[in-house]
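Colleague: Take a look at the following structure, please.
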Amino acid sequence: MKAIVLFGSPGSGKGTQARMLTQCLSIPHVSTGDMLRDRIRHSVELGSCLAAKMHSGALVSDGVVNLMVEERLAQADAANGFVLDGYPRTLAQAEHLGHWLDGRGIREVVIHLAVDYNIIIGRLTGRRECPRCGTLYNLAFHPPKVDELCDLDGAKLAIRDDDRESVIRERLDAYDRQTRPVLDYYRNAGHRVLDVDASNDPPDVVFQKVRLAMRAG
Ligand code: ADP
């Protein structure tokens, strides 16, 4: 039984690692963000409340999320394990999950994809998009042939609003404020947190590091 709790800041490649883990271990990816968006799509009444909450950037209440996750983890496809993504996000959620797992004699494996924020910022602020045809570039890894102009149609490349440095810093800070107490909770409870450096390597190398850390942990 592999009960994996995956943490990773914006830009850490968490989604890719979650996919690789679920494929490799044949266990489901349980993302509370995806599940909540799914609820919004399928239930008009409940959905409109949830949507307002999520769009305001606030967290959905612990009670709603805990119950939703409990129901999901009790499904047959999660019998051999799961990768939790976006949960727990608060101490109350971490405690709730801990009790649920304790009751089943399972100990969670906590993985933290740690990144150097300066590297992430460099990577994300280097992104450029052609406003005409939508082609994406990165000044560091995939620059246009002529400075700041699209290879395909010559339009001047633009920075998307959510790639601006101040926006990225704010997102990283918000992530830190929210996640740090939960990671500290695990560390203080004597729970090993597998810190994997995900700043610089391609996804398959990060994945090897994750596997090595899991074996050693
Ligand atoms: P992001 O990483 O951009 O916050 P997510 O897809 O993980 O995206 O979550 C989107 C929104 O869903 C959050 O802003 C929050 O409102 C809600 N949400 C997701 N997971 C949780 C959770 N564990 N507890 C409370 N709210 C959550």
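The values are calculated or read from the model by the stated rules, or taken from the named source; none is laboratory data. Model, not experiment: these values are computed from the prediction. Cβ: placed from backbone, ideal geometry, glycine included. Neighbour counts: every protein chain shown.
Colleague: If only one of 65, 83 is surrounded by 15 or more Cβ atoms within 10 Å (Cβ to Cβ), in contact with a Leu (Cβ under 6 Å, 6 or more places away or on another chain) and among the hydrophobic types (A, V, I, L, M, F, W, C), which one is it?
Modeller: Selected residue: 83, the only one of 65, 83 that is surrounded by 15 or more Cβ atoms within 10 Å (Cβ to Cβ), in contact with a Leu (Cβ under 6 Å, 6 or more places away or on another chain) and among the hydrophobic types (A, V, I, L, M, F, W, C).
Colleague: Sticking with this one: Regarding the range 74-89, can at least one residue be identified that is of a type in the set (Phe, Trp, Tyr), modelled with pLDDT of 90 or more and within 10 Å of the ligand (Cβ to nearest atom)?
Modeller: yes
Colleague: Moving to a separate point now. In the range 118-129, which residue that is in contact (Cβ under 8 Å) with a residue 40 or more places away in the chain and away from the ligand (no atom under 16 Å from the Cβ) is farthest from residue 18 (Cα to Cα)?
Modeller: Per the stated criteria, the residue is 125.
Colleague: Scanning the range 175-203 for residues that are free of Cβ contacts under 8 Å to residues at least 24 places away in the same chain and in a helix (DSSP H, G or I), which turns out nearest to the ligand (Cβ to nearest atom)?
Modeller: Step by step, filter the range 175-203, then rank; the result is 177.
Colleague: Here is a follow-up. If only one of 69, 30 is within 14 Å of the ligand (Cβ to nearest atom), in contact (Cβ under 8 Å) with a residue 24 or more places away in the chain, in contact with a helix residue (DSSP H, G or I) (Cβ under 9 Å, 6 or more places away or on another chain) and outside any helix (DSSP H, G or I), which one is it?
Modeller: One residue alone meets the criteria, 30.
Colleague: Keeping to the range 33-66, report how many residues are near the ligand (Cβ under 9 Å from one of its atoms) and either assigned to a helix (DSSP H, G or I) or of a type in the set (Gly, Ala, Ser) (or both).
Modeller: 17
Colleague: For residue 92, indicate whether it is within 10 Å of the ligand (Cβ to nearest atom), over 14 Å from residue 28 (Cβ atoms) and under 19 Å from the mean Cα position of the chain (by Cα).
Modeller: no
Colleague: In the range 185-204, what residues are farther than 18 Å from residue 3 by Cβ and within 18 Å of the chain's Cα centre (by Cα)?
Modeller: Residues satisfying the conditions are 195, 197, 198, 199, 200, 201, 202, 203, 204.
Colleague: Being hydrophobic (A, V, I, L, M, F, W, C) and closer than 13 Å to residue 121 by Cβ is the filter; apply it to the range 160-175 and report the residue that is farthest from the chain's Cα centre (by Cα).
Modeller: Out of the qualifying residues, it is 167.
Colleague: For the range 153-184, enumerate the residues that are over 24 Å from residue 4 (Cβ atoms) and among the β-branched types (Val, Ile, Thr).
Modeller: 159, 167, 168
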